[in-house]
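S.K.: Sharing a structure, written as structure tokens. Questions coming.
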Amino acid sequence: MSMGCHEVRDQLPFYAAGTIPAEQRSAIADHLASCPDCRAEVALWSAVGDQVTAEDRRLPAPSKAVLLGALDRVRRERQRVSAPMRLWQLLRAQVPLVRRSLWPASAVIMAASCLLSLGLPQGGPILLAVVAPLVAAAGVAMIYGPENDPALELALATPTSPRQVLLARLALVYGYDLALALAGSLALSAFGGPAYALRGLVLSWLGPMTLLSALALTLSLWIGATNGATVSFLFWLARWLLPAPGAAHALALPVPGLATLAAALELLAGSAPIQFGLAALLLSLGLWRVGQATVPGRTWA
């Protein structure tokens, strides 16, 4: 198919640089064979490219000392700043790198679950205990990794260690979801009546939220954010869908043959020390995993 001058001229810089696909390059070459004006223009672009290449070859390559000197200067500057200020700067720097949709989505889901809880006199407290850990796990699963942070390779080349980046983002997202759950619990306790005792509400979701967040985060570092969140969701929902011996919660479903697994999940859900212990173990595993990410020729500050 023949091409006109108006179609060809925008492509001539790329043609001269050799970045045009073969099929399109052939069509442009056919046009150039019959158009002296376009041939003159592509010759100009070729001359510009040759001059740029020649100038680039004359410039000396930057030495490794330049990069090392810059990193050393950054470290010296950091030492002049107090630890609390460095922590504040790190947290503030990570806010734009967390998915913006997490903040409103978490707030909307948590608010909706609290409003719905007020309309469920029997299962209201259970609803918040189910939803709060899921919201936190979904958010935490998306705070780290190439699929969540396109600039991660650039971040890994900075003097800030990847573990510090991970912990800062975890503190931001988990802390935000924790504040939402606390606010929801306070609202339910104030307007929901005797069934919504504040201490009981907080204990119903605090341990599970911590455990599920640690599980989702650690899994996301191995199998990706979506898969990590999905596995964590299934793990947590199984605690409510499987009928443990003696359990009498509103969401239990009769699934025969899974009593042992259900009993184990019920034991886990009812033991805060086990939940926090497992969460600490999972977080340690996640930090170890992140620590394997290295950039050749650099060490963490």
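This table checks each residue for (1) within 22 Å of Val165 (Cβ to Cβ); (2) at pLDDT 90 or above.
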| position | (1), (2) |
| --- | --- |
| Ala83 | yes, no |
| Gln89 | yes, no |
| Ala93 | yes, no |
| Met110 | no, yes |
| Ser117 | no, no |
| Leu127 | no, no |
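S.K.: Which one of the conditions (1) modelled with pLDDT under 80; (2) exposed (fewer than 11 other Cβ atoms within 10 Å of the Cβ); (3) not assigned by TED's automatic domain parsing to the domain that holds Ile143 does Asp72 fail to meet, given that it meets all the rest?
M.R.: Unmet condition: (2).
S.K.: Is one or more of the residues making up segment 169-183 basic (Lys, Arg), outside any loop (DSSP other than H, G, I, E, B) and at pLDDT 90 or above?
M.R.: Yes, segment 169-183 has at least one match.
S.K.: Return the residues of segment 187-235 that are among the polar types (S, T, N, Q) and within 16 Å of the chain's Cα centre (by Cα); say none if nothing qualifies.
M.R.: Ser213, Thr218, Ser220, Thr226, Asn227, Thr230, Ser232
S.K.: Is it the case, given these coordinates, that Arg78 is at pLDDT 85 or above, among the basic types (Lys, Arg) and within 28 Å of the chain's Cα centre (by Cα)?
M.R.: Criteria not met by Arg78.
S.K.: Further, regarding this structure: Does segment 138-148 contain at least one residue that is assigned by TED's automatic domain parsing to the domain that holds Pro104, surrounded by fewer than 20 Cβ atoms within 10 Å (Cβ to Cβ) and modelled with pLDDT of 85 or more?
M.R.: no
S.K.: Continuing with the same structure: Run down Ala225, Ala259, Ala250, Ala229 and say which single residue is more than 17 Å from Trp205 (Cβ to Cβ) and modelled with pLDDT under 85.
M.R.: Among Ala225, Ala259, Ala250, Ala229, only Ala259 is more than 17 Å from Trp205 (Cβ to Cβ) and modelled with pLDDT under 85.
S.K.: While we're here: Return the residues of segment 172-182 that are touching a residue at least 24 places away in the same chain (Cβ under 8 Å) and out of contact with any Leu (no Cβ under 7 Å at 6 or more places or on another chain); say none if nothing qualifies.
M.R.: Within segment 172-182, Tyr174, Tyr176, Asp177, Leu178, Leu180, Ala181 meet the criteria.
S.K.: Looking at segment 211-227, which of its residues are part of a helix (DSSP H, G or I) and surrounded by fewer than 24 Cβ atoms within 10 Å (Cβ to Cβ)?
M.R.: Within segment 211-227, Leu219, Leu221, Trp222, Ile223, Ala225, Thr226, Asn227 meet the criteria.
The values are calculated or read from the model by the stated rules, or taken from the named source; none is laboratory data. These numbers come from a predicted model, not from an experiment. Cβ atoms come from the backbone with ideal geometry, glycine included; neighbour counts cover every protein chain shown.
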